[in-house]
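> Once you've had a glance at the structure underneath, I'll fire off some questions.
Each value in this text was obtained by applying a stated rule to the coordinates, not by laboratory testing. As the structure is a computational prediction, the values presented were derived from the model and not from experiment. Counting neighbours? That spans all protein chains shown, and the Cβs are built from the backbone with ideal geometry, glycine included.
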Amino acid sequence: MSPKAKKIAESKVTIKIPRPLYNHLSHIVSDSGFNSVTDFIVFVLRDLISNQTTTAAGPNNQTALSPQEIEAIRARLKSLGYF
């Protein structure tokens, strides 16, 4: 395993969710513009944390979006016909 691949592998963890929930999310994701259930879950969790942080710190708190989040937003907007 290359050092880069090893670093990427070490930076992620596995989270287990019930199969029926995964299946339901998979159905939702298929029409959303997200590439996978994992991308959708990461987006939702980051959004939830961002909203919680913004609420706690006040409305002027700005957080930078990761490249993955920007791409997910672009994909969603494209699926809605904005691009």
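> Would you mind putting 20-30, 40-50 in packing order, based on average other-beta-carbon counts within 10 Å, highest first?
Descending mean neighbour count gives 40-50, 20-30.
> Using 7 Å Cα-to-Cβ label points, what is the Ile49/Ser30 separation (nm, one decimal)?
Taking the two extended label points, one gets 3.0 nm.
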